[in-house]
Amino acid sequence: MLAGPVTPNDPALKADFSEMSLVERLGSLAAGRKNAVFTTSFGIEDQVLTAALTIAAPAVRIVTLETGRLFDETLALIDETENRFGITIERFRPDPKKLAAYVERNGLNGFYESIEARHACCGIRKLEPLARALNGADLWVTGLRRAQSGARAGVPFAEHDDERRLIKANPLADWTMDDVNAFVDANAVPVNPLHARGFPSIGCEPCTRAIRPGEDERAGRWWWEQDDKRECGLHVAEQDAAIAAH
Ligand code: SF4
């Protein structure tokens with residue numbers, strides 16, 4: 001269990017974000033926070049948020065989960081983003097002992113063999129580092145959008161994460177891909193070159209492929225699995241994520 005403050009009556013849960021600009025949303029969400037965290041995976045939505053946070057709420061910590069299996073393009077973009085915005089991005093990495101034990105048991109690419117092995121890999125490379133990144137946080141900002149997939153169609157602007165005991169905020173919840181692209185163009189935001197090669201959603205290299213015309217934006221993630229709600233566990237309840245991680 002994470003040690004975030006309990007905030008069931010947080011003002012963010014009652015706020016009407018629908019008519020606010022992105023900068024206004026972020027300013028409102030971050031006001032009065034002691035430990036606000038934005039987790040970026042350097043997808044285009046996350047780059048929009050990084051750019052907006054530097055204006056709206058520069059005290060928000062920007063962190064990333066450096067899984068050890070990221071694309072070279074993503075690693076280069078981390079450095080480019082720091083230089084472009086003059087910020088430092090915190091890197092959280094997997095526990096070396098747990099990772100070595102996983103590789104010993106399943107092989108480096110054992111995640112292709114079963115859903116259990118895949119969840120275990122995501123657990124070690126993503127969920128446990130995420131837990132460390134969010135420990136003590138009172139606000140968690142993400143780049144989730146409703147239009148990304150059917151599984152994300154109901155994403156709210158803000159919700160109380162009962163298990164992580166923090167406010168999880170999705171200030172881009174109602175943005176379309178056109179909204180995202182317009183912001184990027186207007187603000188010269190650096191983006192991952194993989195987007196232009198058919199990767200709207202980018203995760204670990206061995207688990208991400210380009211999508212085909214008409215496919216869901218997240219269809220290239222864990223493409224060999226059949227479950228249309230597949231996620232890495234970051235955006236499900238911690239109890240479920242813990243199950244998924246074993
Ligand atoms: Fe492992 Fe793939 Fe999950 Fe990355 S996305 S943590 S490589 S299973």
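Whole percent per 10 Å bin, from 0 to the bin with the longest distance: what is P(r) over all C-alpha pairs of region 118-211?
The percentages, shortest bin first, are 13, 35, 41, 11, 0.
Summing -39500 (n - 2.57) over the DSSP H runs of n ≥ 4 in the chain and dividing by its residue number, what mean residue ellipticity at 222 nm do you reach, to the nearest 500 deg cm²/dmol?
Taking each H run of at least 4 residues, the total per residue is -9500 deg cm²/dmol.
Could you report the accessible area of W223 in Å², rounded to 10, computed with a 1.4 Å probe on the protein chains as they sit in the structure?
Roll a 1.4 Å probe over it and W223 shows about 100 Å².
Calculate the spin-label point distance for H160 paired with A196, positioning each point 7 Å from the Cα along the beta-carbon direction, and give it in nanometres.
4.7 nm
Using the Cα centre of the chain as origin and beta-carbon charges of +1 (Lys, Arg) and -1 (Asp, Glu), tell me which of A15, T208, V184 is placed farthest towards the positive end of the dipole.
It is T208.
Apply 1/(1 + (r/R0)^6) to the Cβ-Cβ distance of I55 and L75, taking R0 = 41 Å, and write down the FRET efficiency to the nearest 0.05.
Approximately 0.95, to the nearest 0.05.
Which percent of the accessible heavy-atom area of region 21-236 goes to carbon and sulfur, probe 1.4 angstrom?
C and S atoms contribute 52 percent here.
For the chain, what is the number of Lys pairs with C-alpha distance below 20 angstrom, counting only pairs 8 or more positions apart or on separate chains?
So the count of such lysine pairs works out to 8.
Of I202, I55, I89, which is the most mobile in a GNM of the chain whose springs link Cα atoms less than 10 angstrom apart?
Result: I55 has the largest fluctuation of those listed.
Taking a temperature of 20 °C and a viscosity of 1.002 mPa s, what whole-number D in µm²/s does Stokes-Einstein yield for region 128-177 with Rh from Kirkwood over alpha carbon pairs?
Calculated translational D: 186 µm²/s.
Relative to the compact-globule scaling 2.2 N^0.38 Å, provide the ratio for the alpha-carbon radius of gyration of the chain.
In units of the globular-protein estimate, the chain measures up at 0.97.
Before I look further, what does the chain give for accessible area per residue, probe 1.4 Å, in whole square angstrom?
Per residue, the chain has 46 Å² of solvent-accessible surface.
Which residue, D138, D79, D174, tops the fluctuation ranking in a GNM of the chain built on C-alpha contacts under 10 Å?
Highest fluctuation among the options: D79.
Picking from I124, I44, I115, which is most flexible by a Gaussian network model of the chain using Cα springs under 10 Å?
I115
The values are calculated or read from the model by the stated rules, or taken from the named source; none is laboratory data. Remember, predicted model here, so these are calculated numbers, not experimental data. Note that each Cβ is placed from the backbone with ideal geometry, even for glycine, and that neighbours are counted across all protein chains shown. Accessible surface areas use protein heavy atoms only, side chains included; no ligands, DNA or RNA. Shrake-Rupley method; radii C 1.70, N 1.55, O 1.52, S 1.80 Å.
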